[in-house]
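One structure, pasted below without further comment.
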Ligand SMILES: [Zn+2]
């Protein structure tokens, strides 16, 4: 037995040494970059600089594509990791549009199964040195594999997703490195055809980017805003097609669409974008320009400086452009808009009464007040979440505790024809907006200090606050089912 055991140990040791000799461990290092397509109100600038490919997976694979080792770049695109060198059979490096630590991946949805975008950036190399520095590796913009002459960059989508995650992690604790607890899947282009836009799939962490939109950062951030809304707020948007000009759509749809764009502009602001308050929709074609349309949230203007919605003026809670412009007025600051150094609203981005910045206040309202009971809130289930709830939340959460605060809020919203609409049905059963037993008492409390000119719409029927409001400075106009004013006073 003893002899057998010794022999066994002996042979095992020999085998171990042999394995070490043929599998030299190599450390590979370098710096990874991806190409960006900067834009402004006129579309792409035409300059396509390389930027650090941050928190991006780099893999060493053998000639057959088998994984030998992997690492992730840091915040400036540098990477270093070890792998067992296959020697004469060669090694190659590839970059994946994936952040393993942050649980984000960009998938090629033109391929069945949606594989993660991967690009060979170095190799094949036979017998690399033990300390193998490959220097700079770069991923350029990529042709849309479904055709049409469009170019995008899944690595740019990853970079923008990282910006969004960083900003999100400044609002809520997502751990370090930040994740939302499940994989965020971002897909581009659309499977099998050249048409179709970008969308977020409710209830998932999946974002589909349209063929034309892989370098349209503002569209990506809009869709990511829907994801944030779904995970951290409460959305009643029916989804589907929506339009910027017209104002006749479902206010719940308009609220969700507007908040997504508003979120996106604040992400761009957080990373110091030169002109964060714009939305740019490109054609995705190569070269400078390639603009489908753009608009500015400061004043709802288009690239020519004219009103984006010329026929129907932008305004009202059903108008998603009006809502996003009103929201942006809360958080934009002087200097955001290259065309107007002075800002055009009472909010300058600094702390205001209540002790928070307008951004932090709206985040509190959005995530803590605008919730149905199943999500920990008090908004009745039969009400779709709309701007009116946002309005109420500023009162309920204590940000309207003095005349100046109310005046700023009402004035800013009024600029976009947004007023607090209280809808109570004629039978006073309270089906439309709030239960009759609980018709937003805080709204009335807030309106006690509302400035003259603030408007409240009351549909006919008993309403707990009408007496209170009727004696105050609030001017009440509009009215019953036929549009007849029921109260006008001042
Ligand atoms: Zn949307």
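Computed from the coordinates by the stated procedures, all read-outs in this text should not be read as laboratory data. Everything numeric here is computed off the predicted structure, so don't read it as measured data. FYI the Cβ positions are ideal-geometry reconstructions off the backbone, even for glycines, and counts take in every protein chain you see.
With a/c under 1.5 counting as rounded, go ahead and sort segment 103-190 into rounded, prolate or oblate using the C-alpha gyration tensor (a ≥ b ≥ c being the square roots of the eigenvalues; past the cut-off, prolate if a/b is larger than b/c, else oblate). Mind showing how you got there, number by number?
Values: a/c = 2.15, a/b = 1.19, b/c = 1.80.
Since a/c reaches 1.5 but b/c is at least a/b, the shape of segment 103-190 is classed as oblate.
Right, another one. Modelled label-to-label distance, residue 271 and residue 286, 7 Å Cα→beta-carbon offset: nm?
According to this spin-label approximation, the distance is 2.4 nm.
Using a Förster distance of 35 angstrom, determine the FRET efficiency expected from the C-beta separation of residue 100 and residue 126, and round it to 0.05.
Values: r = 28 Å, r/R0 = 0.79.
About 0.80, to the nearest 0.05.
Could you list 58, 141 in order of exposure, starting from the residue whose Cβ has the fewest other Cβ atoms within 10 Å?
On the way: 58 26, 141 20.
In increasing order of surrounding Cβ atoms, one gets 141, 58.
Additional query: Suppose R0 equals 51 Å. What FRET efficiency, 1/(1 + (r/R0)^6) with r the Cβ-Cβ distance, do residue 24 and residue 45 give to the nearest 0.05?
Numbers: r = 47 Å, r/R0 = 0.91.
The formula returns an efficiency of 0.65 here.
Still on this structure, please answer the following. Indicate the gyration tensor shape class of segment 183-294 (rounded, prolate or oblate), computed on the Cα atoms with a ≥ b ≥ c the square roots of the eigenvalues: a/c under 1.5 is rounded; otherwise a/b larger than b/c is prolate and the rest oblate. Mind showing how you got there, number by number?
On the way: a/c = 1.33, a/b = 1.21, b/c = 1.10.
Rounded, since a/c falls under 1.5.
I would also like to ask the following. Taking segment 25-233, how much of its Cα-Cα pair set, in percent, is spaced more than 21 angstrom apart? Don't skip to the end; give the middle numbers.
On the way: 11732 of 21736 pairs.
In whole percent, the share of Cα-Cα pairs in segment 25-233 beyond 21 Å is 54.
Give the order of 144, 216 when sorted by the count of other beta carbons within 10 angstrom, beginning with the fewest.
Details: 144 21, 216 29.
Listing 144, 216 from fewest to most nearby Cβ atoms yields 144, 216.
Mean projection of the alpha-carbon convex hull of segment 271-414 over all orientations, in nm²? Let's see the in-between values first.
Details: hull surface 43.3 nm².
Dividing the Cα hull surface by four gives the mean projection, 10.8 nm².
Would you mind ranking 162, 356 so that the residue whose beta carbon has the fewest other beta carbons within 10 Å leads the list?
Working: 162 20, 356 16.
Ordered by Cβ neighbours within 10 Å, fewest first: 356, 162.
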